[in-house]
1. Looking at the range 135-150, can you tell me whether even one residue there is among the polar types (S, T, N, Q) and either under 17 Å from the mean Cα position of the chain (by Cα) or not assigned by TED's automatic domain parsing to the domain that holds residue 218 (or both)?
2. Among (1) at pLDDT 95 or above; (2) basic (Lys, Arg); (3) in contact with a strand residue (DSSP E or B) (Cβ under 7 Å, 6 or more places away or on another chain), where does residue 151 come up short?
3. Can you tell me which residues in the range 41-74 are over 15 Å from residue 21 (Cβ atoms), loosely packed, with under 14 Cβ neighbours inside 10 Å and either modelled with pLDDT of 65 or more or in contact with an Asp or Glu (Cβ under 7 Å, 6 or more places away or on another chain) (or both)?
4. Just the residues that are farther than 25 Å from residue 80 by Cα, of a type in the set (Lys, Arg) and at pLDDT 90 or above, please, taken from the range 2-29.
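The values are calculated or read from the model by the stated rules, or taken from the named source; none is laboratory data. What you are looking at is a predicted structure, and each value in this text was computed from that prediction instead of being measured. Heads up, the Cβs are rebuilt from the backbone with ideal geometry, glycines too, and the neighbour counts pull from every protein chain shown.
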Amino acid sequence: MKIMRERETEILKILIAEKKVTVKELAVRLYSSEPSVRRSLAELERQGYLRRTHGGAVFTADSAGSKIPFALREYENLREKEIMAEEAAKLLSDNSLIMLDGSSSSLKLVPYIAGKRNVRVLTNGLSALVELDRFGVPAISTGGSLIPTLRTLSGQDALNTISCYNADIAFFSCRGLTETGEATDISVEEDVVRRAMMLRAKKRVLLCAHEKIGKTYYHRLCSADELTAIISDRPLPSSVAELTGSPN
C-alpha cells in the first residue's frame, strides 16, 4: 500500500506541473509497469484529482480544488509564480512589516524579502514560517487552527493576532479572478484571514496567475477596486487593470 501511495504522489506531481501525461511516459519515468500506472490513475480519478483519457490522463485543478496538499501545490505553475514574485518584489521596501497569506504564490516572495533590511513578516502559512526562518527573516505566526492539507492557520486566534498589527503591505492569492475584477476562492477560512490582512495593511497586493483569470468560485474574497495592485505573469485584461492601476 505504501508503494502505491508513493507512485500516486509522483504521478500527481507530474500532472500538476505538466497538466497532461501518457501512461507510457509515466511508466518509463516511474520505472513501473503500464498496468500499475493505470491502476494508480484509476485511483486518482476516483479521488477527483484527474480525468483519464485514451492512453493517459489530464489534471484539472478545478475538479481537485482544495483537496490538493500544499506540498504538491508548490509544483503547480512554478514559472508563473516566479515571474509574479519577481514583479511583486519591486513593491518591497526596507523598514517594513509585511503580511503574507499561506499560499504557494506568496511563498515565492521569501527570498526577495530576505534581501531587505529591518523587515518583519506576519503570516498564517506554516511553509512560509519555515522558509522565513531558513532565510533568517524575523517572522510572526498568526497562530490559530490548522488546516492540515493547506498548511495554513485560521480561526479567531489568527484574526486576533492580525488585528494587533499595522502592516505596510500584504500579499495574498486567490483561486479565481473574474474579468470584472472579483477575486474568489474555495476556502472560506483562508479568505477570512486574507480579509483581515487587507484591513490592517496600507497596500494590498493580489498575486494571480493568468490561468486563474476568467474563473469564478463560490466564495468572494474582494473586488479589484479594493486592491493596490494585481500582479500576474501575463498582462491583465484592461477591464481589471483599470480598477487598480495595475499594468495591462
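1. Step one: filter the range 135-150 for residues among the polar types (S, T, N, Q), giving 141-142, 145, 149.
Narrowing the set further to residues that are either under 17 Å from the mean Cα position of the chain (by Cα) or not assigned by TED's automatic domain parsing to the domain that holds residue 218 (or both) leaves 149.
Yes, some residue in the range 135-150 is among the polar types (S, T, N, Q) and either under 17 Å from the mean Cα position of the chain (by Cα) or not assigned by TED's automatic domain parsing to the domain that holds residue 218 (or both).
2. Just one mismatch for residue 151, condition (1).
3. The answer is 46, 47, 48.
4. 24
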